[in-house]
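Undergrad: Can you keep this structure in mind? I'll have questions shortly.
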Amino acid sequence: MRILSVVSTLAFASVLSVASAEKPVKAANDWPKIQLPSWSQQIAIREGWLVERHAMILEMMRRHNIDMWIVVNEEFHDDPLTQYIAPPRPYTGNRDIFVFLDTKTGDTATSLRKIAVTGYGEENVQRFFEAEDDPKPADKVLPALYEQYHPQHIGLSIGARRGVQRSLTHDSYLFLAKTLGADAETHFVPAADLIEEYLDTRIPEEFKTYTTLVELTDQLTKRAFSNEVITPGKTTIGDVRRWLYDQMGYYDVTTWFQPDLRLQRRGRAPKISRGFLGVEPEATVILPGDVLHLDFGITCMGLNTDWQKEAYVLLPGEKDVPAGLKHAMANTNTLQESLMTRSRPGRLAGDVYNDIMADMKADNIEAKVYSHPIGDQGHGLGAGLDYRAAQATAADGKHMRKGSYISIELNSATPVAEWDGQKVFIMEEDDAYLTDEGFKTFLPRQTSFYLIRP
């Protein structure tokens, strides 16, 4: 049996300074030690969050015209919603079913019934749901609920574009249709909008933990892009990637995507994949003069980070980054600032995107923006700022939600004089949260290259 993403990063180290060319690079034992709480503590903290999350559900159901919301978790096929709507514990029943029902009686404090139909009794589930020690089978519980309340709109994870919104399996759909009956099936509707609001709404209690997750991501990135890990002329791209995997194992965290490294080198045509700078083969040896890029994120306590940073390998005798590369970094910083300041709660994401690109046109910066919501999922639900969505419609129909987390992911391409006019892509990504004044990053943005000595 497996726990649903119950690794944590509480009490992570404070923000760490970047090693500069003038200061000695930190050795591994010089970095602040990061202590992870026990798994039982991690579960307890997440269950505390669940109390706050359940308090939001009834109003959200009513906003999206859902009378009954059903989530089905299957053994060996966990629904991605389960760990966010139920205690993050093992579920090993053939089908464990969680029902949220608007009884439309009394005030909001008493109108929501929460029923769990599980394979066995579990006291921790009973703290959040009506659930018996000797559970009745679903074919007894669900029809009785339908006959008692006759919900007009039964929300299911079906008929949506994103995986977490369409996660109900075909067989579980058939099971619900047979169990609830033909009349109930006519009231099945997609719960996509409800799921999006629920997963895109952050609670204040998560903020500190998420900040420390970002700090750990940042620390590992800085260490990966230092002489602790890289010896130019010897270390390969694969060596750095494997080091990151080993560090995640050491800290007992996981990841939602493979750490990717990209490399740009003077006089070498860049590899392009689907319009982006391509991932570098693992066998490539890192050399002086290279520009390195890392795309890296971790998963802990059901939260995810996403981080992209740049490093420069000094040539023999160099003490700083060439001026042309500094200018390239500054262009990406300008792009970041436009995105952060143009964004506001309530604005259409497509309108914000158009404003950003107008700013870049005025500044003569070749830019690409592909930022996405983040939090419960790495590529989360909500209003993104992405060139693909903006080109599909004149204005993205999604409004930006205050408090939402986003990965500010983007790049600029700048000709560099020291590289004979060769374009250099500076790809950055920072996790941020939306305030009334725009996006604020959890940590200061990168404004200068991390330096690696020859």
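Just so it is clear, none of the values below were taken in a lab; they were calculated from the coordinates. None of the values given here were measured: they were computed from a predicted structure. Cβ atoms come from the backbone with ideal geometry, glycine included; neighbour counts cover every protein chain shown.
Undergrad: Looking only at region 424-447, which residues have a backbone nitrogen under 16 Å from a spot 7 Å from the Cα of D260 in the C-beta direction?
TA: Answer for region 424-447: 425-430.
Undergrad: Okay, next question. From the residues P143, Q83, G181, which one has its Cα farthest along the dipole of region 65-190 in the positive direction, the dipole being from +1 and -1 charges on Cβ of Lys/Arg and Asp/Glu about the Cα centre?
TA: Q83
Undergrad: Quick one: what are the phi-derived ³J(HN,Hα) couplings along region 313-328, Karplus 6.51/-1.76/1.60 with θ = phi - 60°, whole Hz, x for glycine and proline?
TA: 9, 4, 6, x, x, 6, 10, 8, 7, x, 4, x, 6, 4, 5, 4
Undergrad: Still on this structure: Gap in Å between the Cα centre of region 147-172 and the Cα centre of region 301-335?
TA: Cα centroid of region 301-335 versus Cα centroid of region 147-172: 45 Å apart.
Undergrad: Beyond 23 Å, what share of the Cα-Cα pairs of region 65-190 is found? Please give it as a whole percent.
TA: When all Cα pairs of region 65-190 are counted, 27 percent exceed 23 Å.
Undergrad: Could you tell me which trypsin sites (Lys or Arg not before Pro) in region 240-302 are loop residues by DSSP with no more than 16 other beta carbons within 10 angstrom of their beta carbon?
TA: In loop regions of region 240-302 (DSSP not H, G, I, E or B), the sparsely surrounded trypsin sites (Lys or Arg not before Pro) are R266, R268, K271, R274.
Undergrad: How large, in Å, is region 234-392 by the Kirkwood hydrodynamic radius built from its alpha-carbon pairs? Present the calculation step by step, with values, prior to reporting the outcome.
TA: Details: mean 1/r = 0.0559 Å⁻¹.
Kirkwood radius, region 234-392: 17.9 Å.
Undergrad: Test of understanding: ordering L244, L145 by Cβ neighbours within 10 Å, fewest first, what list do you get? Show your work: numbers first, answer last.
TA: Values: L244 22, L145 19.
Ordered from fewest to most neighbouring Cβ atoms within 10 Å, L244, L145 come out as L145, L244.
Undergrad: Does anyone have the angle between helix 138-149 and the longest principal axis of the chain? Alpha-carbon axes, 0 to 90°, nearest 10?
TA: 80
Undergrad: Now, a different point. Rounded to the nearest Å, what's the spacing between the alpha carbon centres of region 375-454 and region 29-102? Just the number, please.
TA: Their Cα centres are 29 Å away from one another.
Undergrad: Fewest to most neighbouring Cβ within 10 Å: what's the order for I406, I85, I203?
TA: I203, I85, I406
Undergrad: Mind listing the long-range amide H neighbours of I408? Cut-off is under 5 Å, sequence gap 5 or more, other chains count too, H placed in the peptide plane at 1.01 Å from N.
TA: Result for I408 returns D430, D431, A432.
Undergrad: Using DSSP to call loops (not H, G, I, E or B), can you name the trypsin sites (Lys or Arg not before Pro) in region 317-414 whose Cβ has at most 12 other Cβ atoms within 10 angstrom?
TA: Within region 317-414, the qualifying trypsin sites (Lys or Arg not before Pro) (loop, at most 12 other Cβ atoms within 10 Å) are K319.
Undergrad: A further question on this structure: Taking the Cβ of V125 as the center, what net charge do the other residues with Cβ under 12 Å away carry, scoring Lys and Arg +1 and Asp and Glu -1?
TA: On the way: positive: R89, K114, R127; negative: E47, D96, E122, E123, E130, E132, D133.
Residues near V125 contribute -4 overall.
Undergrad: Starting from the Cα-Cα distance between R166 and K234, subtract it from 0.36 nm times their residue separation and give me the gain in nm to one decimal.
TA: Extra length from R166 to K234 when fully extended: 19.8 nm.
Undergrad: Now a separate question. What angle do you read, to the nearest 10 degrees and between 0 and 90, between the alpha-carbon axis of helix 237-251 and the longest principal axis of the chain?
TA: Approximately 50 degrees, to the nearest 10.
Undergrad: At 0.36 nm per residue, and after removing the present C-alpha to C-alpha distance, how many nm does the segment from T334 to I203 gain when stretched out fully?
TA: Full extension from T334 to I203 adds 44.1 nm.
Undergrad: For the pair E123/Q148, report the inter-label distance in nm, with labels modelled 7 Å from Cα in the Cβ direction.
TA: Each label point is offset 7 Å from its Cα along the Cβ direction, giving 2.5 nm.
Undergrad: Based on the Cβ-Cβ distance of L287 and D363, what FRET efficiency does E = 1/(1 + (r/R0)^6) give at R0 = 25 Å, to the nearest 0.05?
TA: 0.15
Undergrad: I'd like the Karplus ³J(HN,Hα) series for region 275-281: coefficients 6.51, -1.76, 1.60, θ = phi - 60°, whole numbers in Hz, and an x wherever there's a Gly or Pro.
TA: x, 10, 4, x, 5, 7, x
Undergrad: Under the Karplus relation 6.51 cos²θ - 1.76 cosθ + 1.60, θ = phi - 60°, what is the ordered set of whole-Hz ³J(HN,Hα) values for region 343-351, x standing for Gly and Pro?
TA: In residue order, the calculated couplings are 6, 8, x, x, 6, 5, 4, x, 5 Hz.
Undergrad: Can you give the angle from 0 to 90° between the axis of helix 39-63 and the longest principal axis of the chain, with both taken from C-alpha atoms, to the nearest 10?
TA: Taking the Cα atoms of the chain, the angle to 39-63 is about 70 degrees.
Undergrad: Summing -39500 (n - 2.57) over the DSSP H runs of n ≥ 4 in the chain and dividing by its residue number, what mean residue ellipticity at 222 nm do you reach, to the nearest 500 deg cm²/dmol?
TA: That comes out to -10000 deg cm²/dmol.
Undergrad: Where in region 92-142 are there chymotrypsin sites (Phe, Trp or Tyr not before Pro) that are in a DSSP coil and have at most 13 other Cβ atoms within 10 angstrom of their Cβ?
TA: Passing both the DSSP loop test and the Cβ count: Y120.
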